[in-house]
Amino acid sequence: MNKFLESAAMALSAIWAAKLRSFMTVLGNIVAVTSIIAVVSLIEGLNASVKQAILNQAGADSFSIQQFPITRSDDEFEKVRYNPRISLQDVRALQHDNSPFLTAVMAQADGRGRITYKDKSIDNTRIVGVTSEYVNFSSFDAERGRLMSPTEVERARPVAVVGSQTADRLFGSDVDPLDKIIQVEGVHFRIVGVSAKRGSLLGLSQDEFVVVPLGQFQMMFGARRPLSLTVKPRDVALIAPAMDEAIVALRGARRLKPKQPDNFGMFTSDTILDIYHSATNGIFAVLVGVVALSLVVGGIVIMNIMLMVVTERTREIGLRKALGARRSDIMSQMLTESVVLSMFGGGVGTILGVAVALTISAYTPIPAAVEAWSVALGIGVTAVVGLFFGLYPAMRAARLDPIEALRRE
C-alpha cells in the first residue's frame, strides 16, 4: 500500500510539473466520458419515463385484451386482420362471481375531440369511455373530487373526470373545476374529479384527457368504436393463471375449436415494455458503442505521450535503476502515472457529462436520469484504458539498461 501511495505521489508530481501537456493528453478521455455519461443518462431517463407512462396507462397489476395480437410483419397481420372486435359480450364472458383468479373486467374506448368551457376550448384532447368497474384499476384516480360512481357509469350519466392539465387550461389556477359544466364534442358534462398529475413523455402531456361513461362515449362517437378490455387478477402473483382463465373464457364465448388459434390479443405492461426494449436496445447499444470508440482514441494519445515521457526521462529512469530501483518499481510508477492521468480525464468528463445531461433535460423534452453505476463505470473504464495503454510504455521504461540510460544527454 505504501509503495502504491509513493508511486501515486510521484505520478501526481510529474503530472503537475507539465499541467498543460497533461490536460491535452486527457482531453480525448474527457470528451469520451462526457459523451458516454450524457448519452447513458439520457437513455436511462427515457427508459424510466417510458416505463412509468406504460404503467400509468396499462397498470402493473392488470393485463389487456385487444382485437389484434402483436404482429411484426404484413404476413402476420394478414392472419389476424379479420379478428372480431372486442365487445361487451366479451366482458360478460369474463365476469362471473365464482372466478378463482379474476376480480374485475373493464371495457374501454379511446377517441379525440374538442373540450370547451365558456370561451376556452382544447382541440384533439384524448377522450376515454369506460365501464363501471374502472374504479378497481390503479390507472384511474382523482386527486381532487371523486371518481365517477359505478351507478353513474352504468346509467351513462353526463359526468366526467378530467386530467390535471386539462383542468388548468380550461379553468386556470383561480377557478375550482369541480361541478363545472364543460362540453365534450358539444355534449355537456359535469366535472366530478380531477386526476393527479402524471407529467409528460418526450414533450407529450399525459394529463390532457377526459374520462366519461362508455355509454356517453358511444353516443358521441358511435357504438362501432374499437373496445379494449383491462382485466385485474385477484393478486399480482396470479396474472399468469388469470390470463389462462381469460383465454379459456373468451375461446368458449367465441366458440373456437381446439385447433383454432386465438382471435384476440393479450398483453401485460411487461409485454409492452419488452417490445419497447427490443426496438430500442440495439439502437442504444450502437449509440453508446460509437461514442465509446473515442475512449480508444484517448487511450492511444495517452500511450504516445507516455512513450515520449519515457524518452524524456531516460536519464532519470537510469539513475533510479542505478540507485537500486527494480523493474517493478519503474513499471509501477509509469503505470500509476498513466492510470492517474486517464482517471483525471474520467473524473472531469463525468462532471461535464452530468452537467450536459441535466442541461438537455432542463431545456428539451428529453428526460435524464444520472445513475451511480454509470458514474462508476465512466471512471472505472478510464482506469482500465490508462492501465492498458500505459502498459507498453511502462514495460519499455522498465527494460532500459541503466548504463545506457545514464549515457544519454
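Values as computed for the structure displayed
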| item | result |
| --- | --- |
| Added length on full extension, which subtracts the Cα-Cα distance from 0.36 nm per residue, Ala322 to Ala223 | 26.2 nm |
| Percent RCO, i.e. relative contact order, over region 97-236, from Cα pairs under 8 Å lying at least 6 residues apart | 36 |
| Amide H within-cut-off set for Phe209, under 5 Å, with H built and near neighbours excluded | Gly163, Thr166 |
| The chain: DSSP helices with Cα axial extent of at least 24 Å and average Kyte-Doolittle hydropathy no lower than -0.5 | 19-58, 269-312, 327-363, 372-398 |
| Largest-first ellipsoid semi-axes for region 97-236, taking √(5λ) over the Cα gyration tensor eigenvalues, angstrom | 25, 17, 14 |
| Length released on extending from Ser87 to Arg112, taking residue separation times 0.36 nm less the Cα-Cα span | 7.0 nm |
| Most positive-pole-ward Cα, Thr268, Leu358, Gly113, against dipole of the chain from beta carbon charges | Leu358 |
| Spin-label pair Asp174/Tyr392, simplified geometry with 7 Å Cα→Cβ offset, distance in nm | 7.3 |
| Normalised contact order of the chain, rounded percent, pairs of Cα under 8 Å and 6 or more residues apart | 29 |
| Point-charge dipole on Cβ atoms (K/R +1, D/E -1) for the chain, about Cα centre, debye to 20 | 600 |
| At 0.890 mPa s and 25 °C, Stokes diffusion of the chain via Kirkwood alpha-carbon radius, µm² per second | 93 |
| Point-to-point label distance, Arg155-Leu20, nm (Cα→Cβ direction, 7 Å offset) | 8.6 |
| Filtered trypsin sites (Lys or Arg not before Pro), region 139-209: DSSP coil and at most 15 other beta carbons within 10 Å | Arg146, Arg155, Lys197 |
| Out-of-range pairs (alpha-carbon distance over 27 Å; input Lys51/Lys79; Lys51/Lys259; Lys120/Lys197; Lys197/Lys232; Lys51/Lys197; Lys118/Lys232) | Lys51/Lys79; Lys51/Lys259; Lys118/Lys232 |
| Value at 222 nm in deg cm²/dmol, rounded to 500, when DSSP H runs of n ≥ 4 in the chain each add -39,500 (n - 2.57) | -19000 deg cm²/dmol |
| Long-range amide H partners of Gly265 with built H, under 5 Å | Gln66, Gln67, Phe68 |
| Charge context of Glu143, other residues only, Cβ under 14 angstrom, K/R +1, D/E -1 | 0 |
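Computed from the coordinates by the stated procedures, all read-outs in this text should not be read as laboratory data. Bear in mind the structure is a predicted one, so any value in this text is a computation, not a measurement. Glycine also receives a Cβ, built like all others from the backbone with ideal geometry; neighbour counts cover every protein chain displayed.
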